[in-house]
Amino acid sequence: MTTIMVVTPWYGHPELAPEYEKAIRAAGCPDVVPPRFWAKVRKTDTCWLWIGGKNHYGYGSFQTRRGDGWFAAQAHRVAYEALVGPIPDGLTIDHLCRNRACVNPAHMEPVTRGENVLRGESAAATHARKTHCKYGHEFTPENTYTPPGRDVRMCRACIRERPPQNRRRRS
């Protein structure tokens, strides 16, 4: 049986912060999320929404103590590490629900940064998901040209069909 200890939050009284931290550690829970974290979470039928402060990207921001100081941690990372475990090195958290304010660990998955970007809504992700050019030609290995030094795909069929006067001259 798991015992959950509730410690009176120290916020508003910075002089009590060390005693608060000692009480948490004495309970054998060094990584426990304080009650002030959960006070900023509103659970819905699907997501656990962060209603506290957010950064300019829409991710929840939570002030936490590390070492000798304080820093702003991303709320979804705090929730994931507290309820699931540490995030493996080299991986980042992807919101499967696509809601940046969600702190429900069931909606998160550790993935590489590249995978996270491709799952998103950015221009790079949108273009990477395309299977055909704008004229309907399929992007196959045989029909796809990637110019040296550029991170773009070009349709070989479209290049061939372009009139010669519109092609770039190589010098």
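The values are calculated or read from the model by the stated rules, or taken from the named source; none is laboratory data. The structure displayed is predicted, hence computed values, not measured ones. Here the Cβ positions follow ideal geometry from the backbone for every residue, glycine too, while neighbour counts run over all protein chains shown.
Observations on the structure shown:
- For residue 78, the stated conditions hold: it is surrounded by 14 or more Cβ atoms within 10 Å (Cβ to Cβ) and either over 29 Å from residue 152 (Cβ atoms) or of a type in the set (Ser, Thr, Tyr) (or both).
- Total residues in the range 49-79, condition of a type in the set (Ser, Thr, Tyr) and closer than 14 Å to residue 34 by Cα: 1
- Some residue of the range 6-20 being at pLDDT 50 or above, farther than 15 Å from residue 99 by Cα, under 27 Å from the mean Cα position of the chain (by Cα) and not in a loop (DSSP other than H, G, I, E, B): no
Per-residue answers, yes or no, for (1) of a type outside the set (S, T, N, Q); (2) assigned to a loop (DSSP other than H, G, I, E, B); (3) touching a Leu at 6+ places or on another chain (Cβ under 8 Å); (4) loosely packed, with under 15 Cβ neighbours inside 10 Å:
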residue: 110; (1), (2), (3), (4): yes, no, yes, no
residue: 126; (1), (2), (3), (4): no, no, no, yes
residue: 136; (1), (2), (3), (4): yes, yes, no, yes
residue: 150; (1), (2), (3), (4): yes, yes, no, yes
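- Members of the range 49-97 found to be touching a residue at least 12 places away in the same chain (Cβ under 8 Å), part of a loop (DSSP other than H, G, I, E, B), within 21 Å of residue 120 (Cα to Cα) and not polar (S, T, N, Q), listed by number: 57, 58, 59, 87, 88, 90, 91, 96, 97
- On inspection, residue 98 passes the criterion of being among the charged types (D, E, K, R), at positive phi and modelled with pLDDT of 90 or more.
- The conditions of being at pLDDT below 85 and of a type in the set (D, E, K, R) are met by residue 25.
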